[in-house]
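Single-structure report; data block below.
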Amino acid sequence: MTASFVKKTLALTVLGSLGTLTYAQSSVQLYGIVDAAIRHTTNEGPTKSGKTQMIGGGMSQSRWGINVTEDLGGGLAAIANLENRFLTDSGTTASTNYFQQSWVGLRSKSFGQITMGRQYNMLFDLVTSTYSSFPYSPYMEAYKPEIGMSMGARADNMLKYVAEFGPVRGALQYSFDEKNTGANFSPTNAAMKTAGGYLRYSQNGISAGLGYLGTTLPMGTKVDAWTLGGSYRTGGWYFNLGYAQNKRKDVKGPTDIAILTSMWQGTPGVYAAANGAYSAGDANKREMFKIGVGYQVTPQVNAGVHYFHAKQSGSASGAYNGKADFVVAVVDYAFSKRTDAYFGVDHTKVKGGVNMFVDGNGATSRTGVTVGLRHRF
């Protein structure tokens, strides 16, 4: 047996063994939205003269992101997501978090999906998937009072588990505060402890769900939040209704007050007093009812109108107890599956305590008009 024959035999053996190996299939998807609009609002500014501006997201907040999937075999896949939000009008980052989503996880056809990192919370997931205001958006970025009930919409350091069984979906979340409390609290790392979950049913055009989220703010204030609602689709029609409640149990310090104020505000200036509406002894509970209807007029034209009623209570002085009514109507025109134009009108009215207003100038009502263009890729 010659040395040459041995070398050839070994080479063929190695190649043959390699030929029996299976390699996982991977995919990397780049996606995004670029949205810009002109918006005019009344009763804004020191003289209540109103404001006209270009905004970097009218129907949707502009973003770009990367989805990664790797097939690990046997029905198991590795998944990951990175998503940055930005303002189209200025090109700047839309928040202090460079990535508004940053998570990695595993997905199985048998046991569901588990992910780790910064991601959407239970309340946001349930509402936007089950009874959102505009199912194609799923809410209007420039005017979104309902987001004020979602406890910030996202959480850092989160473990999330989601599983589906036919028309039923269940989910759980837990996030770690990492001892980022009291004197150790850092505004750039607002880690908070959360725990919650939801159940959702969706079949034959009917969707309904119930969700809960308990949050411990950095200085120890506890907030219970829950929501329930549903939607119905038939033909070109879409109907939705829902209820949400946030209630804090106590107040442990000014850091928690500032965080809760930011969470409850929703769209800046929509429903928050400008001089500390949530100080100790003041409002500790907020409720919101929502109802809406949409109609696909033609394959290109979609119209919808939605009404929200909110009630704020628990203020010892009564100065911050009040009610608010919100109405928003949008007509959307699709040039294609990726590009659409929209026209929206919204109105806010607050009443009640002497410190309930929509602007530091004391205005109790505001009307907004938004015209914009959006492209999705």
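The values are calculated or read from the model by the stated rules, or taken from the named source; none is laboratory data. No experiment lies behind these values; they were computed from the predicted model shown. Backbone-built Cβ (ideal geometry, glycine too); neighbour counts: all protein chains shown.
A few points about this structure:
- Taken over the range 233-269, the residue count meeting the criterion of being hydroxyl-bearing (Ser, Thr, Tyr), buried (at least 16 other Cβ atoms within 10 Å of the Cβ) and more than 26 Å from Tyr320 (Cβ to Cβ) is 1.
- In the set (1) polar (S, T, N, Q); (2) without any contact (Cβ under 8 Å) to a residue 60 or more places away in the chain; (3) out of contact with any His (no Cβ under 9 Å at 6 or more places or on another chain); (4) surrounded by fewer than 16 Cβ atoms within 10 Å (Cβ to Cβ), the condition left unmet by Asn321 is number (4).
- Phe185, sole failed condition from (1) modelled with pLDDT under 95; (2) under 26 Å from Gln113 (Cβ atoms); (3) among the aromatic types (Phe, Trp, Tyr): (2)
- Conditions (1) in contact (Cβ under 8 Å) with a residue 12 or more places away in the chain; (2) farther than 22 Å from Ile257 by Cα: number failed by Pro138: (1)
- Boolean, Arg154 is among the charged types (D, E, K, R), touching a Lys or Arg at 6+ places or on another chain (Cβ under 8 Å) and closer than 30 Å to Val369 by Cβ: yes
- When the residues of the range 347-365 are filtered to those that are under 16 Å from Ser49 (Cβ atoms) and at pLDDT 80 or above, the one that is nearest to the chain's Cα centre (by Cα) is Val358.
- Taking the criterion of being among the polar types (S, T, N, Q), more than 29 Å from Lys323 (Cα to Cα) and either modelled with pLDDT of 95 or more or surrounded by 19 or more Cβ atoms within 10 Å (Cβ to Cβ) (or both), the residues of the range 103-152 that qualify are Ser108, Gln113, Thr115, Gln119.
- Near pairs, Cβ below 7 angstrom, 6+ apart or cross-chain, from the range 40-67 (basic (Lys, Arg)) to any residue that is assigned to a loop (DSSP other than H, G, I, E, B): Lys48/Asn361; Lys48/Ala363; Lys51/Glu44; Lys51/Gly45
- The numbered conditions (1) surrounded by fewer than 23 Cβ atoms within 10 Å (Cβ to Cβ); (2) of a type in the set (S, T, N, Q); (3) touching a residue at least 40 places away in the same chain (Cβ under 8 Å) are all true for Ser313 except (3).
- Residue match in the range 102-113 (condition: under 26 Å from Gln53 (Cα atoms), more than 15 Å from the chain's Cα centre (by Cα) and not in a strand (DSSP E or B)): no
Each row is one residue, and each column tells you yes or no for (1) among the β-branched types (Val, Ile, Thr); (2) over 22 Å from the mean Cα position of the chain (by Cα); (3) at pLDDT below 90.
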residue	(1), (2), (3)
Gly294	no, no, no
Gln300	no, yes, no
Ser315	no, yes, yes
Phe326	no, no, no
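- Of all residues in the range 214-232, those that are crowded, with 22+ Cβ neighbours inside 10 Å and touching a Phe, Trp or Tyr at 6+ places or on another chain (Cβ under 8 Å) total 5.
- Criterion violated by Ala163 - all others in (1) touching a Lys or Arg at 6+ places or on another chain (Cβ under 8 Å); (2) closer than 21 Å to Asp340 by Cβ satisfied: (2)
- Unique residue being out of contact with any strand residue (DSSP E or B) (no Cβ under 8 Å at 6 or more places or on another chain), in contact (Cβ under 8 Å) with a residue 12 or more places away in the chain, loosely packed, with under 15 Cβ neighbours inside 10 Å and of a type in the set (A, V, I, L, M) when the list is Val371, Val301, Val354: Val354
- Members of the range 70-100 that are at pLDDT 95 or above, under 20 Å from Ser60 (Cβ atoms) and assigned to a strand (DSSP E or B): Asn81, Leu82, Glu83, Asn84, Arg85, Phe86
- Residue in the range 142-155 that is closer than 16 Å to Gly196 by Cβ, part of a helix (DSSP H, G or I) and in contact with a Phe, Trp or Tyr (Cβ under 9 Å, 6 or more places away or on another chain) present: yes
- Residue match in the range 326-341 (condition: closer than 15 Å to Trp264 by Cβ and either among the aliphatic types (A, V, I, L, M) or in a loop (DSSP other than H, G, I, E, B) (or both)): no
- Within the range 192-224, the residues that satisfy the criterion of being small (Gly, Ala, Ser) and free of Cβ contacts under 8 Å to residues at least 60 places away in the same chain are Ala195, Gly205, Gly214, Gly220.
- Selection of the range 346-377 for residues being among the small types (Gly, Ala, Ser) and closer than 30 Å to Gly32 by Cβ yields Gly368, Gly372.
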